[in-house]
Amino acid sequence: MNAPMQPPESRYAVLDAAPRRARDILLRWEVILVILLVATIVVNTIVSPYFLDVFNLADATFNFSEKAIIALGMALLILVRQIDLSVAAIVALAAMGIGYAAEAGFGPAGLFATGIGIGILCGVFNGFLVTYAGLPSIVVTIGTMSLFRGITQVILGDQAKTKYPAEFLELGQSYFIKMKESGVSWLFIPPIPLSFLIFLVLTAIFGIVLHKTATGRKLFAIGSNPVAARFSGIAVDRLTFLLFVVSGMLCGLAAALLTARLGSMRSNIAIGWELDIVTMVILGGVSIAGGVGSILGVFLAVLTLGLVTFGMSLNNIPGQVVSVYIGLLLIAVIAIPRIADKLGLRTGR
Amino acid sequence: MSDPILTLSGVSKSFPGVRALHDISLSLQPGRVTAVIGENGAGKSTIVKILTGIYRPDAGEIRVGGEQKHFSSPRDAWAAGIAAIHQETVMFDELSVAENIFTGHMPTGSTRLVDWAEMRKKSAELLKRIDAPIPPEFKLKRLSVAQKHLVEIARALSHEARVVIMDEPTAALSANEIDDLFRIVEQLKAEGRAIVFISHKFDEIFRIADDFVCLRDGEKVGEGPISSVTEAQLVRMMVGRPVDQVFPKRDVPIGEVVLSVKNLSNATEYADVSFDLRRGEILGLYGLVGAGRTEAMQGLFGITPVTRGTVSLDGRQLSIHSPSDAIAAGISYVPEDRQDQGAILSLGIRENVTLANLSKYVRGLFLSRPAEQEATRSLGRRLAVKAANWEQRLGELSGGNQQKVVIAKWLATRPKVIVLDEPTKGIDVGSKAAVHDFIGELAQDGLAVVLISSELPEVMGLADRVIVMKEGRIVDEFKRGAWSAEQIVGAATGAAKEAA
């Protein structure tokens, strides 16, 4: 038998952080996305003279801002190994509620509150089934996708809701900063649509919560190892429930913005959005296995996808081709880090 | 005695930092049951894994029917006629009984497609041979554990196995089911097969075994016909080593009662667990695997609901419904399953250390990285964690260092009571000594420690007092200085009378 060991002293230095290595930084997901984004802009600028026009670009954000808002909630859900496939159906249900509320004479604030309220209720329903009933979220939300959309279809049939107060419709078309004919000539402020501004503000809030607060750290822990997270005193179920509610709330907000922009809604509103939104999140580098991801990544992916779509439509490339391109892009971007790992190019972190 | 079916000679196996088996020789005779006994970690499972082709020995040879064999996969072992029935069955829940029996060697017709009728017929015959009335078309998940064992035996018969290894087959069985199993064992014996029987339960060993092989620390310390030994002798053989020198006990003054647990019970796994724990005291919780120690402590920590009983800390009764309640009250629990319950391998050391009390590192609204780094540095150094940097992912560290980080996480919560569940399971010898020393230091610092361990030397080396649990209840208690290894093992296995 060995002699008893002496209490070990710390005889070696442990660094606070790993030394930064150029290739680790270069192969970070966010950096790959920035390169992709720049490439998208450069190619489009060469191909079309109309691409790099701030007014065109500002208009282009209308087409993805509502989805992008929902993608922020989806990113957190996927981070903790959940998913909400009912998002587009919640948008439809909330938009229908907004339509009825508008007919009942609600003002813009009331209509936004209606949409957000319905979204929250849907999120509570999803969250309850996932956390308290312990059902897998993919099954639950495939079910509620059908359920919420079905309710909308049953109530509306072929009907469309088209009566909204003028102030509400104005919000949907509005720019937070209006295009100015004149002003301070050396200070250029680009026009920013309201929905895009809301997305920017939410991105900042979500980024700060996820990356700077204790709550954000807990989400990473849950996504990495839900059992160990629970053993560490983290209220896994409560946080998961909350994320479904947040997701529903964002859907309600997006429904209000979308309805205001379109000025009408039918039961097929926002159909198929759930996969576009999941695509944004996955391209943004959030691991479907949980525990990995950043809001910056999702933000960059949203911009990239938005600009790709916009650039292609400027050049009259049909939607099917856009879809082929996005498919290839997603697979390529996901494959690059994996292949880099296999080749041993990346170290730990 | 006839020629042995299988012999091992000079077999050794090492893992980094651990000598699992050293120079083991044994032979299995046809028609005899050989019991392999030893404490947890003595090397029993390693032998099973070598015999079944999961591990390859570093040295030594295996002969089957006189012919030397090299198993490079479980398939080779099957082919040589060796089949194992595992503690937890390794079969396919969603497949039928017949498919499970014939996994890997399904009967096929001339078309090379599976001949289902033939497979069901053969399965029914095999099951009939062992008197197991299980329909071959049932899905495995519909069966009880005992029935699953029978299916495994049928699978062994389908391979015409000459050696059948049973690794704690009775762990989850009722008395009647054990009787059924033993009847089949007798039948297999009568058919001239050799049986390896691994169990912790002495009554079973003496009932079924013909021969025994006793292991300790990877070495063979005894063998012979079971009739030549008594339970007391076997127990002594298993534990017989000078334990007190290995883990020097620190002399710590024991203070007032900190934790008082009364009649803690849940629906099925443990009942009426009561004990007091004092400041500076290390309380060992000993028992066989499945005795309810982990379950009771997880109930105490709020992970699983408790149906009855009270927990008081410093005289104040607690109401614990979740781990965060327990942490807030000053109770920490370092779980047994480090990979799944303790460590978050994909996060860094800092993120792991601060996880159980994140709010302490919040300045204003945000987490303060300097505050986190400060805590990580000081705890990491105190536990002598070996790492390149404090941001390194836990998955890149050795098991021992992962365990140190997990303990650091719990110390960061500044607990009054810390429950350590098998804290040295699966870690290397060096880290083990460091963890042992550290447990002593914790007690010296005034913590009250509950140490769940299946390693008797560890418990006897560190604890001031040992509580023994068996089948969900506390069956005995021993004080330091007034105990013997034989008494403790005797209480845990139910061999108390003979061993005393």
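Observations, loosely collected:
- Loop-located trypsin sites (Lys or Arg not before Pro) in the range A:209-273, at most 16 other Cβ atoms within 10 Å (DSSP): none
- Point-to-point label distance, A:VAL38-B:ASP340, nm (Cα→Cβ direction, 7 Å offset): 4.6 nm
- Residue list for the range B:178-209, given a label point 7 angstrom along the Cα-to-Cβ vector of B:SER144 and an amide N cut-off under 18 Å: B:178-185
- Electrostatic bookkeeping for A:ALA214 treats Lys and Arg as +1 and Asp and Glu as -1; over the other residues with beta carbon under 13 Å from its beta carbon, the sum is +4.
- Cβ crowding within 10 Å ranks B:MET119, B:MET238, A:MET280 as B:MET119, B:MET238, A:MET280, fewest other Cβ atoms first.
- Per-residue average of Cβ from other chains inside 10 Å of B:301-309: 1
- GNM flexibility winner over chain A from A:SER323, A:SER174, A:SER267 (Cα, springs under 10 Å): A:SER323
- When DSSP beta bridges are restricted to pairs lying wholly in the range B:6-239, around 60% turn out antiparallel.
- The residue list A:SER313, A:VAL278, A:PHE241 was ranked by how far each Cα lies along the charge dipole of the range A:190-349 toward its positive end, using unit charges on Cβ atoms, and A:PHE241 comes out on top.
- Angle between chain A longest axis and helix A:214-224 axis [Cα atoms, degrees, rounded to 10]: 70 degrees
- The range A:105-170: trypsin sites (Lys or Arg not before Pro) in DSSP loop, at most 12 other beta carbons within 10 Å: A:LYS163
- Measuring between their Cα centroids, the range A:53-111 and the range B:61-77 lie 65 Å from each other.
- Euclidean distance between Cα centres, the range B:132-181 to the range B:438-500, Å: 34 Å
- Beta bridges assigned by DSSP with both partners in the protein assembly as shown are antiparallel in approximately 55 percent of cases.
- Extension gain for A:TYR100 to A:ARG21 (0.36 nm times residue separation, less C-alpha to C-alpha distance): 22.7 nm.
- With N counted as the residues of chain A, its alpha-carbon radius of gyration over 2.2 N^0.38 Å works out to 1.12.
- What you get for the range B:6-239, charging only the Cβ of Lys and Arg (+1) and of Asp and Glu (-1), is a dipole of about 400 debye around the Cα centre.
- The protein assembly as shown: C-alpha gyration tensor shape, a/c 1.5 cut-off, then a/b vs b/c: prolate
- Per-residue ellipticity at 222 nm computed for the protein assembly as shown from its helices equals -14500 deg cm²/dmol, with DSSP H segments shorter than 4 residues left out and the rest contributing -39,500 (n - 2.57).
- Put a plus charge on the Cβ of each Lys and Arg, a minus charge on the Cβ of each Asp and Glu, and nothing anywhere else: the dipole of the range B:257-499 about its Cα centre is then about 760 debye.
- Local net charge near B:LYS139, Cβ-Cβ under 10 Å (Lys/Arg +1, Asp/Glu -1): -2
- Each Cα pair under 8 Å and six or more residues apart adds its sequence gap; the mean of these over the residue count of chain B is a relative contact order of 16 percent.
- Förster-model FRET efficiency, 25 Å R0, B:PHE92 and B:ASP131, C-beta, rounded to 0.05: 0.60
- Simple label model, 7 Å out from Cα along Cβ direction - B:THR304 to A:GLN159, nm: 5.4 nm
- Partners of B:LYS262 within straight-line reach, counting lysines whose Cα lies under 27 Å from its Cα and excluding those fewer than 8 residues away in the same chain: B:LYS416, B:LYS470, B:LYS479.
- Bridge type composition, chain B - antiparallel percent by DSSP, nearest 5: 55 percent
- Between the residues B:SER484, B:LEU345, B:TRP390, the greatest Cα displacement towards the positive end of the dipole of chain B, with unit charges on the Cβ of Lys, Arg, Asp and Glu, is found for B:TRP390.
- Likely footprinting exposure, B:HIS436, B:HIS159, fewest C-beta neighbours within 10 Å first: B:HIS159, B:HIS436
- Taken over the range B:6-239, the ratio of Cα radius of gyration to 2.2 N^0.38 Å equals 1.02.
- Footprinting exposure proxy ranking of A:CYS251, B:CYS214, A:CYS122, fewest other C-beta atoms within 10 angstrom first, gives B:CYS214, A:CYS122, A:CYS251.
- A Förster radius of 45 Å, combined with the Cβ-Cβ distance separating B:ARG369 from A:LEU328, puts the computed FRET efficiency at roughly 0.70.
- Per-residue average of Cβ from other chains inside 10 Å of B:374-380: 1
- Summing charges over neighbours of B:ARG250, with a neighbour being any other residue whose Cβ is under 9 Å away from its Cβ, gives -2 when K and R count +1 and D and E count -1.
- For the peptides A:69-76, B:372-379, residues were scored by their other Cβ atoms within 10 Å and the scores averaged per peptide; the highest-first order is A:69-76, B:372-379.
- FRET efficiency estimate (nearest 0.05) - Cβ-Cβ, B:SER228 to A:LYS342, R0 60 angstrom: 0.55
- Test item: A:217-228 mean partner chain Cβ contacts at 10 Å: 6
We did not get these values from a lab; they are worked out from the coordinates using the rules stated. Owing to the predicted nature of the structure, the values given are computational and were not obtained by experimental measurement. With ideal geometry, Cβ positions are generated from the backbone for all residues, glycine too; neighbour counts draw on all protein chains shown.
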